[in-house]
Each structure stands twice: as structure tokens, then as C-alpha cells.
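Participant: To start, I am sharing the structure in question, which I have written as C-alpha cells.
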Amino acid sequence: MKSVLITGGTGSFGRKFCEEMLTKAEVERLVVFSRDELKQYEMFEEFKDNEALSGYIKEDKLRFFLGDIRDRDRLSTALTGVDTVVHAAALKQVPAAEYNPFEFVKTNVLGAQNVIDACYAAGVKTVVALSTDKAAAPINVYGATKLCSDRLFTSANNYKGTQEIKFLVVRYGNVMGSRGSVIPLFTKQKSRGKITITDERMTRFNISLEQGIEMVLECQKISIGGEIFVPKIPSYRICDLAQAIAPDCETEIIGLRPGEKLHEEMITTSDANDTIDIGKYFVITPPANKKVKEYYFDKFNATKVPEGFSYNSGQNSEFLSVENLKELIARS
């Protein structure tokens, strides 16, 4: 990757991704594309004051572009000379999606198609789209828009003709400590002496920002296009998380919010026929392209998952303990 653009680059993932790319990878140019001028200013100032990162700003290797993925023309301008795109921009809050459904469609679906079209027009080589566990068997608007986005990106490989471009999707669970996650909420509630829990049985998948970035970098290297990559990661119980953050607090059960699941799922039983195991990751291969599956059997000694297989946070083989969670929270 020589010239990289990340949409939604001022978010939790984007900031960490930029740090990792600038300090550990050989990038000639890194473009942050996002719509919030204040967050761009704050990120610029933070990086400028960081001795390890300030040089990249001075050398004009790190660029900030204001723009919205709803605006294809602005995307096309920002993509000039870019060879790799990481698409992290999305509207993500489940309750907000239930109340403002078409706004989520405009960003998460129409915006995704704008990214695809602009990447084709600009001659981009690799496009990695970030997905979510809520896109598997969605029951809320956010999940439904991300499922549609996933399908747009995997299907975009079908009409590339002779153009040298590939589209892939990485799907993972809750990111430890990211904005909008339950950890900042529990930490804030701790000072009040009471933690609100939707349901004592609730479980979630867990991944760190570093693991998410590592996944993006690894999967874009091995992909041939059209895959959805799913990491093998642990789950946690929401009550264990509350215990790790605020063991002395009272808990109040408030019930599931509209569109919220008791357990999250990253691979459904309906996906099982097209899912293979390559060791570190599961790969959901495109049903209409058998060559993708053959590639992984040949190059990575892949195995087919059992019939009826699903990957569910409540039925996971690995759960984080309270002590595990305390250690991870301290590092996040």
C-alpha cells in the first residue's frame, strides 16, 4: 500500500489506523476523508504534537479531506492517486437508526455505492470495507443497511472486467473501548453508583482496535476479492463486564432497546455452505464464484465448516473472564 485513503478517518478505528500506518508501514501518502471539521482539526493538532507523527504532517504525507461519502464528486477528488481504500465511514447508533432510518440508508447504502463507483473511476486497486456483527441476520435498521453495504462491496467484484481492482469485507464485533461502546457508558455510570444493564444474559464478541487493524492489513494481502472475513475472537458476558468496571455498584435491569439482540452473530447457518476455515479467520466466500473457495483450499489448506454451523457470541468456545476484561480495559 503506497497511497491510502480511509473514509471516516477521524473515528476510533481511523485514528488508530493512521497511527499504525504512519509509524509501522511504508506509506507514501495517507488521506483522512471525513465530514467533521472539528474532529479533523483535533486529530491534526494531536498528531502535530506527537514527535513520532509530526514529521508526516510536515512532509505532507498525511492529508485531511473534508467530505461526505454521500457526495461522490468529492470522493472522486479525494481519491486521485490513491491505490488502497479502507472504508470505515458509517452511521452506527442502533436507536438513532430506528428513529432516522433513511438517513442510515443514505450514508451506509448509497454512500457505500458512491465509494465503489468512485474507486472504479479513480483506478483504485484494493478496497476494504468494515462491517459489523449486526449485519448477520439483522433485526435493526443499522444491521440491515450494513448487510446491504456488505453485499454491494462483495458484488462489486462481478463487474470489474479487466480492471485490476478487488473489493473485500472484514466483519467483527464490538471494539474494546471505542466511542459508542458500552465501556465508556459503564465508566461514566460508575461515578453515580448504579450500572444499567439491558439483560443479564446478554453476550457480545470482543476485539481490540489493534486486532481490527491487523485484520484489515492481513486480509487485504491474501484476498482475491468478494470475501467476507470473520476473525476468531472471544465473547464476554455483559454482567462480567459490569463486574470488571464497577464491582461495587448497584445494577439496574432496563430491558433490551429497540433493535437490540441478546446475542450477536457473525456467521449464520444460512452462510455455512459458503464458509470456510483458514485458521485465524473464517471466510464467507461468494456463492457464485467457486474459484474463490478453491483458492483458499489450495493456498491456505482451508477446511469447510460443518453443516448448520453458525458463529454466535452466546455459543462461542472462548469467553473472557472478569480478570481478562480488567486487563484489556486497562490497556485500551
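The values are calculated or read from the model by the stated rules, or taken from the named source; none is laboratory data. In this text the structure is predicted, and so the values were computed from the model without any measurement. Because the Cβ atoms are built from the backbone with ideal geometry, glycine has one as well, and the counts that use them run over all protein chains shown. Side chains are part of the model used for accessible areas, which takes the heavy atoms of the whole protein and leaves out ligands, DNA and RNA. Shrake-Rupley method; radii C 1.70, N 1.55, O 1.52, S 1.80 Å.
Participant: In a Gaussian network model over the chain where Cα atoms closer than 10 Å are linked, find which of D117, D71, D49 has the largest mean-square fluctuation.
Facilitator: D49
Participant: As an exercise, take the mean of 1/r over every pair of distinct alpha carbons in the range 101-232, invert it, and state the Kirkwood radius in angstroms.
Facilitator: Evaluated over the range 101-232, this radius sits at 16.4 Å.
Participant: Within the range 241-286, what whole-number % of the accessible surface is contributed by carbon and sulfur, with the 1.4 Å probe and all protein chains included in the calculation?
Facilitator: Using a 1.4 Å probe with all protein chains present, the range 241-286 comes out at 47 percent carbon and sulfur.
Participant: Percent relative contact order of the range 234-296, based on C-alpha pairs within less than 8 angstrom and at least six residues apart?
Facilitator: 15
Participant: Continuing with the same structure: With the contact rule set at Cα under 8 Å and sequence spacing of 6 or more, what percent relative contact order holds for the chain?
Facilitator: Reported relative contact order: 15 percent.
Participant: C148: accessible area at probe 1.4 Å, nearest 10 Å²?
Facilitator: So the heavy atoms of C148 present about 60 Å² to solvent.
Participant: What list of ³J(HN,Hα) values in whole Hz, one per residue of the range 45-59 in order, does the Karplus curve 6.51 cos²θ - 1.76 cosθ + 1.60 (θ = phi - 60°) give from phi, with Gly and Pro shown as x?
Facilitator: Each residue of the range 45-59 in turn: 5, 5, 6, 5, 8, 9, 4, 6, 10, 4, x, 5, 6, 4, 7 Hz.
Participant: Of F17, F102, F282, which has the largest mean-square fluctuation in a 10 Å C-alpha GNM of the chain?
Facilitator: Of F17, F102, F282, the most mobile in the Gaussian network model is F102.
Participant: Calculate, in nm to one decimal, what N100 and D71 gain on full extension: separation in residues at 0.36 nm each, minus their alpha carbon distance.
Facilitator: Gain in length upon complete extension: 8.5 nm.
Participant: With the cut-off at 1.5 for a/c, could you classify the range 203-260 from its C-alpha gyration tensor as rounded, prolate or oblate?
Facilitator: prolate
Participant: Binning every alpha carbon pair distance of the chain at 10 Å from zero, what are the percents per bin?
Facilitator: 6, 25, 34, 26, 9, 1, 0
Participant: Now a separate question. Per the Kirkwood formula on distinct C-alpha pairs, the Rh of the range 243-332 is how many angstrom?
Facilitator: Taking the inverse mean of 1/r over all distinct Cα pairs, the range 243-332 comes out at 16.3 Å.
Participant: Right, another one. Calculate one ³J(HN,Hα) per residue across the range 112-121 by plugging θ = phi - 60° into the Karplus curve 6.51 cos²θ - 1.76 cosθ + 1.60, and present them in order as whole Hz with x for glycine and proline.
Facilitator: 4, 5, 4, 4, 4, 4, 5, 5, 4, 5
Participant: First measure r as the distance between the Cβ atoms of E200 and E294, then evaluate 1/(1 + (r/R0)^6) with R0 = 56 Å and state the FRET efficiency to the nearest 0.05.
Facilitator: 0.80
Participant: Continuing with this model, one more query. For T268 and D60 in the same chain, what is the full-extension length gain: residue separation times 0.36 nm, less their Cα-Cα distance, in nm?
Facilitator: 70.4 nm
Participant: If the cut-off is a Cα-Cα distance under 19 Å, which lysines reach K58, setting aside same-chain residues fewer than 8 apart in sequence?
Facilitator: K2, K24, K48
Participant: Using packing as a proxy for protection, rank 292-301, 202-211 so that the peptide with the highest average count of other Cβ atoms within 10 Å comes first.
Facilitator: Put in order of decreasing packing, that is 202-211, 292-301.
Participant: Relative contact order for the range 174-332: what percent, with Cα pairs under 8 Å and sequence separation of 6 or more?
Facilitator: Averaging sequence separation for qualifying contacts and normalising by length gives 31 percent for the range 174-332.
Participant: For the chain, what is the calculated [θ] at 222 nm in deg cm²/dmol (nearest 500), taking -39500 (n - 2.57) for each run of four or more DSSP H residues and dividing by its residue count?
Facilitator: -11000 deg cm²/dmol
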